[in-house]
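For reference, the structure is listed below as structure tokens.
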Amino acid sequence: MALPDAGAGSQATRFEDVTVPGFLVRQDASLVRTSLTLADGKITDAAPAQTVQMGGAMVLPCFVDMHTHLDKAQIWNRTPNPDGTFMGALESVRDDKVGRWDRADLVPRMSFALRSAYAHGTAAIRTHLDYVGDLGAAAVSWEVFSQLREEWSDRIALQAVALTIGEMCEEDGALDRCADLVAKHRATLGMVSYPDARLNDWLTQYMSAAAERGLDIDFHTDETMDPEVNTLKDIAELAIKHDFPKKIVVGHVCSLSTMPEDEALKTLDLVARAGIHVVSLPMCNLYLQDRHAARTPRNRGITLVHEMKARGIPISFASDNTRDPFYAYGDMDMIEVMREATRIGHLDHADPDWLRSVLTTPADTCGFDAPSLAPGAPADLVICKARNWTEFFARPQSDRIVLRKGRAIDRTLPDFAELDPLMETP
């Protein structure tokens, strides 16, 4: 499908008979057949000078991917997960960092991930960056992130989260040093929450440090199938107790799917009361959770997204890891994320507005510009030949067209062979 240039200086072109999510053009959440007019790199309500028949092609704003790990991306070929387990992933990444995660390694790997996301139609990304407990060692990742945020500023909006563990609170001044670094980079404070007698004290210190600096917090939470694990409840209770003034995000929360129903639902009532946002990572969790040698998995690992949505809890879906020990696959493609989330979480035969979870909901959670089809919005669009959901999810939409500021971009994906020099044994 060849489309006319709708970039800067272009005349108004009406794209006649397109299919768009109803929630972006009216209150109805179902798909809508309509038209869109583009001119000068934006969506407009100006009278068109020409018309292109689109045959019902689906048009979406570019995506928001709010939970990724760009610093780990693409290390699988040199450091695979030996058994596919969560512990295997932790140990493999720990070993991979030693002597490798410098500028010469991070820049090409992170850039590779960004090029892939851009080609697939993503316009905003939040990435977690491992904070290894040593400001000097962590500084390299943040310097590279700042460089890439500037280089990519006209293509992908970037945010970062410092991924830490609560034990940092046990070292005098360490949390303050980390929080100061986060504030300096206009970023988000992050932590992995897991059962520990000191957890409530740690959470209180994190909330205090974040509140003092006006920072949001983004937790990796309960990434396990152990039904006894429920640190989500602790986070929600403390957020309510301290009236935490900024946003709190929790990711994963897999154990909700295995704990007793009554406990899970009472926890979600607290989460709703606390105003916590949730991001589900279905592809990575399906890969890691309930994995045992020579045993077929029984559980999917996805959190209770339907029950959350029913309570008004903001839900997003995201890529998470990409070709690293936590997830051997993936390509920073949000259409793949939605296809798999729909299948894994049975999003079909449910509310018809789940597409919010890769567009407006994560944008609101992170503070990115909201994806929009309203007049005046940038013509940053993903166009697929599919005319309805079954056509959209039946194929990977590898022939999609991505417009940025009204112009079709080159969607050639980077060649994995480019990474070969980084895969050699040090």
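In region 344-364, the residues that are in contact (Cβ under 8 Å) with a residue 24 or more places away in the chain and over 16 Å from HIS277 (Cα atoms) reach residues that are outside any helix (DSSP H, G or I) and small (Gly, Ala, Ser) with C-beta atoms within less than 6 angstrom, at least six apart or across chains, in these pairs: PRO352/ALA29; PRO352/SER30; ASP353/ALA29. Is it true that some residue in region 322-329 is within 25 Å of THR360 (Cβ to Cβ), assigned to a loop (DSSP other than H, G, I, E, B) and either open to solvent by less than 10 Å² (accessible area, probe 1.4 Å) or touching a Pro at 6+ places or on another chain (Cβ under 6 Å) (or both)? Yes; the residues of region 322-329 include at least one that is within 25 Å of THR360 (Cβ to Cβ), assigned to a loop (DSSP other than H, G, I, E, B) and either open to solvent by less than 10 Å² (accessible area, probe 1.4 Å) or touching a Pro at 6+ places or on another chain (Cβ under 6 Å) (or both). Could you list, in sequence order, the residues of region 23-36 that are modelled with pLDDT of 90 or more and either open to solvent by 20 Å² or more (accessible area, probe 1.4 Å) or touching a Leu at 6+ places or on another chain (Cβ under 6 Å) (or both)? Correct list: PHE23, LEU24, LEU31, ARG33, THR34, SER35.
One residue is enough: does region 1-16 have a residue meeting the conditions modelled with pLDDT of 90 or more, under 26 Å from the mean Cα position of the chain (by Cα), surrounded by 17 or more Cβ atoms within 10 Å (Cβ to Cβ) and not aliphatic (A, V, I, L, M)? No, there is no match, as no residue in region 1-16 is modelled with pLDDT of 90 or more, under 26 Å from the mean Cα position of the chain (by Cα), surrounded by 17 or more Cβ atoms within 10 Å (Cβ to Cβ) and not aliphatic (A, V, I, L, M). Kindly indicate whether any position in region 140-152 is surrounded by 15 or more Cβ atoms within 10 Å (Cβ to Cβ), within 22 Å of the chain's Cα centre (by Cα) and outside any helix (DSSP H, G or I). Checked region 140-152: at least one residue is surrounded by 15 or more Cβ atoms within 10 Å (Cβ to Cβ), within 22 Å of the chain's Cα centre (by Cα) and outside any helix (DSSP H, G or I).
Residue-level analysis places GLU307 among those that are in contact with a Leu (Cβ under 7 Å, 6 or more places away or on another chain), part of a helix (DSSP H, G or I), charged (D, E, K, R) and open to solvent by 10 Å² or more (accessible area, probe 1.4 Å).
Whenever a residue of region 383-404 is within 30 Å of ASP154 (Cα to Cα) and open to solvent by 30 Å² or more (accessible area, probe 1.4 Å), its partners that are modelled with pLDDT of 95 or more and assigned to a helix (DSSP H, G or I), lying with C-beta atoms within less than 8 angstrom and at least six residues away or across chains, give the pairs LYS385/GLU391; PHE393/MET338; PHE393/ARG339; PHE393/THR342; PHE393/ARG343; PRO396/ILE335; PRO396/GLU336; PRO396/ARG339. Between ASP410, ASP420, the distinction of being over 15 Å from PHE15 (Cβ atoms), open to solvent by 70 Å² or more (accessible area, probe 1.4 Å) and touching a helix residue (DSSP H, G or I) at 6+ places or on another chain (Cβ under 9 Å) belongs to ASP410 only.
Kindly indicate whether ALA350 is among the aliphatic types (A, V, I, L, M), open to solvent by less than 10 Å² (accessible area, probe 1.4 Å) and either more than 21 Å from the chain's Cα centre (by Cα) or more than 30 Å from GLU223 (Cα to Cα) (or both). The answer is no for ALA350. Looking at region 273-296, I want the residues that are of a type in the set (D, E, K, R) and have a partner that is assigned to a loop (DSSP other than H, G, I, E, B) and surrounded by 24 or more Cβ atoms within 10 Å (Cβ to Cβ) with Cβ atoms under 8 Å, at least 6 apart or on another chain. Which pairs are those? As it stands, the answer is ASP290/GLY301, since those pairs meet every condition given.
Looking across region 262-287 at every residue that is over 22 Å from ILE217 (Cβ atoms) and open to solvent by 10 Å² or more (accessible area, probe 1.4 Å), the one that is nearest to the chain's Cα centre (by Cα) is identified as MET283.
The values are calculated or read from the model by the stated rules, or taken from the named source; none is laboratory data. Since this is a predicted model, take the numbers as computed values, not measurements. Cβ: placed from backbone, ideal geometry, glycine included. Neighbour counts: every protein chain shown. Ligands, DNA and RNA are stripped out before the accessible areas are found, and what is left, the full protein with its side chains, is counted by its heavy atoms. Shrake-Rupley method; radii C 1.70, N 1.55, O 1.52, S 1.80 Å.
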